[in-house]
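The values are calculated or read from the model by the stated rules, or taken from the named source; none is laboratory data. Given the structure is predicted, the values throughout are model-derived calculations rather than measurements. Quick reminder, even Gly has a Cβ in these numbers, built from the backbone with ideal geometry, and neighbours come from all protein chains shown. For accessibility, only protein heavy atoms count, side chains too; no ligands or nucleic acids. Shrake-Rupley method; radii C 1.70, N 1.55, O 1.52, S 1.80 Å.
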Amino acid sequence: MKTMLRHAVWMILTATLAAGCSRAVRQENKADEVRFVVWGDTQFNNPEVFERMVHETNLLRPDFVVQVGDLIQGYSHSREQLRGEWERYAFQTEPLSVPFFPVPGNHDVYTGEAHEVYGEVWGPDRYIYSFDTGPVHTIVLDTYWPGEADTIAAWQRDWLARDLAEYAARNGGEGSEELAQRSIFVYLHSPLFKQGADKEGGKAWKEIHELLKRYPVRMVIAGHTHEYVWNVVDGITYLIINSSGHMGTHVERGGVFHQLLHVSVVNGNDVRVAVVKAGSILPVDTVSQAERSSVPRLRIPQKSIRLPIVETSGSVEQTVTVNIDNPLEKPRVYHLEWQVPRTSPAHLEPKELWIDLEAKASREVSFELQMPAGIAPEELPSLAVTAVETLRTGVVSRDWESRYRADIEAAKNDASVRTTSIALDAPVEFRTEWPLFVPPVARVARVSGAIAIDGVFDETDWSKAQPITRFTTPEGEEPETGMEVRFLYDADGLYVGARMEEPNPAGMSMNAGPPIPLTWSDDDFELFIDATQSQSKFIRLFQNAAGTRFNSWPLYTPNNLFESTYESAVKVGEDYWSIEMHIPWNEAGATQPARSGDQWNVNIWRHRQQSHPARQEWSTMGIFPYEPARFGLLVFD
């Protein structure tokens, strides 16, 4: 029953399409714009590409579709086989809901039997024909008429001349302004215009080109050679296209990719063509709210593998321990592989691992690292962490997806049921790289006396604190002005002292204010504190040179902005400005007071609006807006 229904659908479909393709048909279109799509060769190569292209085309809803030949594999003397292939083609194009016009290709009509069956499917007038759609005149030629392969014989050239002359006569006459306001498009399968003058087809096209020059022919479009090629000769655009035919290695810039053409004609002669790469159009229901919520949870979080304090000379031999966590409610397989820059002297063992984790499980894995001390940051390896999940592709609308899935289920019990080649589900790779990272290190001394928060730093403890003086721009360059930052601590909290060179204090920007003080648009000092070394939960404490504060937890944290109560003072001198802060442990994000030996992840930024770039930083972060895995390291003495 299912097979009979499919056959009936095919018969109705082909009859409907053929009825819309009659020779010299006039199609009225009252709109100012005519839009149509052109497909290249398919011939059942890469059927998943072509079948998806049918859906993509239908979403564009053009006025009509033209395909420039090689619709099926063909090349057969078996009428049964050929009819079966045309049935398959009807199944592939069933989603198309607009008129369709074929161009005969060598695969479609090469044998006598193929030529005959092509006529059965599309009608006896579908080899060489023309039709009108508003101001657009479409001409289809046959470069594989029986006994006239890869050429256009004199009789067909005569037909073309008559068709052009008749069209001109209906629209003001040859050379008239009325005719100039219209557009003619010519289609053929074999690109005879690419042949040399020594070939019969090339000679024939030379004559045809001279004829076309007399009329408003905008484009000549062919297929056959499975490539994309554009050229303009005497104002006529020549194209060779390929929708899903076999090609070599895809090199888009070399014309080797699958595509369709979307052509728009406005006001009769204003032509615009979009080359649409196969697979680039999606239905409106491609991603549901449930998918938007669930799929991002499958991503592997970005982080850095922070190395302990390493030697500054000689060689480094360390065990690198990495925690792999599966947050999902199902088992997951992780692939770990070290990516070592080609010139890097670093070596890790093992280089590759597969890890099977049960739901909500985690595991520590260890690697042995050997490298010279002082290795350049760009020579440090990174660990590629990959997991694969099967997801619905969302490339066809959900109603068609339901129909296709029903066909797949039916085919399990009935081999005659056709099923789509489109992948409705597909493996998706979730991959990230965790770079080895040697953070800059600063030590935090414990105070021995009282510290006055005044922005002056005249206490002895400040002079004994380790200064941080190496800052760079985001591009790694030396900033225009220097900065010095020191840290101290006591039982109550963290002290921060920063002195920033400023040759022109009068030029500083200090405009931030309510409701959200955007201090980074001013001259400001910024402190990022991850007291628990979570590499995700950190506090931002910013102040501009006027003492205006911005305080927050990370972006996207609910109610992330807060009022701070820490003590601070700003001082502006003749060639500098400074800030001194005493931050209680709780406002620094710490769960308890720091003790000797504790380590925090911290970063420091400064914005100076008179410099370009304006920002300088202690530890460079590569991911917008912040990358807490790459904060520097504070070690409490």
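Observations
- Options VAL396, VAL316: the member that is within 25 Å of ILE422 (Cβ to Cβ) and either aliphatic (A, V, I, L, M) or touching a His at 6+ places or on another chain (Cβ under 6 Å) (or both): VAL396
- Among (1) in contact with a helix residue (DSSP H, G or I) (Cβ under 8 Å, 6 or more places away or on another chain); (2) surrounded by 17 or more Cβ atoms within 10 Å (Cβ to Cβ); (3) acidic (Asp, Glu), the one test that GLU401 misses: (1)
- Matching entry among VAL273, VAL322 (being within 24 Å of TYR626 (Cα to Cα), crowded, with 16+ Cβ neighbours inside 10 Å and either at pLDDT 95 or above or of a type in the set (Asp, Glu) (or both)): VAL322
- Just so you know, in region 136-158 the residues that are of a type outside the set (S, T, N, Q) and buried (at least 20 other Cβ atoms within 10 Å of the Cβ) include one that is nearest to the chain's Cα centre (by Cα), and it is VAL136.
- Filtering ALA415, ALA410 for residues that are hydrophobic (A, V, I, L, M, F, W, C) and surrounded by fewer than 12 Cβ atoms within 10 Å (Cβ to Cβ) leaves a single hit, ALA415.
- Only one of the numbered conditions (1) open to solvent by 20 Å² or more (accessible area, probe 1.4 Å); (2) free of Cβ contacts under 8 Å to residues at least 40 places away in the same chain; (3) touching a helix residue (DSSP H, G or I) at 6+ places or on another chain (Cβ under 8 Å) is not met by GLU574, and that is (2).
- Cβ pairs under 9 Å, 6+ apart, first in region 604-625 and closer than 18 Å to SER552 by Cβ and in a loop (DSSP other than H, G, I, E, B), second modelled with pLDDT under 95 and open to solvent by 60 Å² or more (accessible area, probe 1.4 Å): ILE623/GLN302; PRO625/LEU555
- For region 487-503, a tally of residues being part of a loop (DSSP other than H, G, I, E, B) and touching a Ser or Thr at 6+ places or on another chain (Cβ under 8 Å) returns 2.
- Within region 577-598, the presence of at least one residue that is in contact with a helix residue (DSSP H, G or I) (Cβ under 8 Å, 6 or more places away or on another chain) and either modelled with pLDDT of 95 or more or surrounded by fewer than 14 Cβ atoms within 10 Å (Cβ to Cβ) (or both) is confirmed.
- Hey, GLU87 more than 26 Å from VAL220 (Cβ to Cβ) and either out of contact with any strand residue (DSSP E or B) (no Cβ under 7 Å at 6 or more places or on another chain) or surrounded by 19 or more Cβ atoms within 10 Å (Cβ to Cβ) (or both) or not: yes
- Considering region 331-446, the qualifying strands (runs of 3 or more DSSP E), each wholly inside and each with 1 or more residues that are hydroxyl-bearing (Ser, Thr, Tyr), run over 332-339, 362-372, 382-392, 425-437.
- Residue pairs whose Cβ atoms lie under 6 Å apart, sitting 6 or more positions apart in sequence or on different chains, and linking a residue in region 40-59 that is closer than 22 Å to SER190 by Cβ to a partner that is assigned to a helix (DSSP H, G or I), are THR42/PHE50; GLN43/HIS107.
- Considering only residues in region 181-201 that are more than 41 Å from the chain's Cα centre (by Cα) and among the small types (Gly, Ala, Ser), the one that is most open to solvent (accessible area, probe 1.4 Å) turns out to be ALA197.
- Summed over region 286-319, the residues that are in contact with a Ser or Thr (Cβ under 6 Å, 6 or more places away or on another chain) and open to solvent by less than 70 Å² (accessible area, probe 1.4 Å) give a count of 1.
- The condition of being more than 30 Å from ARG297 (Cβ to Cβ) and either under 44 Å from the mean Cα position of the chain (by Cα) or among the basic types (Lys, Arg) (or both) holds for only one of VAL444, VAL456, VAL485, that being VAL485.
- Filter result for PHE528 (part of a strand (DSSP E or B), open to solvent by less than 30 Å² (accessible area, probe 1.4 Å), out of contact with any Gly (no Cβ under 9 Å at 6 or more places or on another chain) and under 30 Å from SER596 (Cα atoms)): yes
- The number of residues in region 541-564 that are crowded, with 22+ Cβ neighbours inside 10 Å and either in a strand (DSSP E or B) or of a type in the set (Val, Ile, Thr) (or both) comes to 4.
- Condition check for GLU484: more than 22 Å from THR565 (Cα to Cα), part of a loop (DSSP other than H, G, I, E, B), open to solvent by 30 Å² or more (accessible area, probe 1.4 Å) and of a type in the set (D, E, K, R): no
- Some residue of region 204-213 being part of a strand (DSSP E or B) and either at pLDDT below 95 or open to solvent by 10 Å² or more (accessible area, probe 1.4 Å) (or both): no
- Residues within region 339-362 that are open to solvent by less than 30 Å² (accessible area, probe 1.4 Å) and closer than 18 Å to PHE430 by Cβ, tallied: 3
- Meets criteria (open to solvent by less than 30 Å² (accessible area, probe 1.4 Å), part of a loop (DSSP other than H, G, I, E, B) and touching a strand residue (DSSP E or B) at 6+ places or on another chain (Cβ under 7 Å)) for PRO474: no
- Per-region count, region 167-203, residues in a helix (DSSP H, G or I), touching a residue at least 12 places away in the same chain (Cβ under 8 Å) and out of contact with any Phe, Trp or Tyr (no Cβ under 7 Å at 6 or more places or on another chain): 6
- A single member of SER521, SER534 is at pLDDT 95 or above and surrounded by fewer than 19 Cβ atoms within 10 Å (Cβ to Cβ), and it is SER521.
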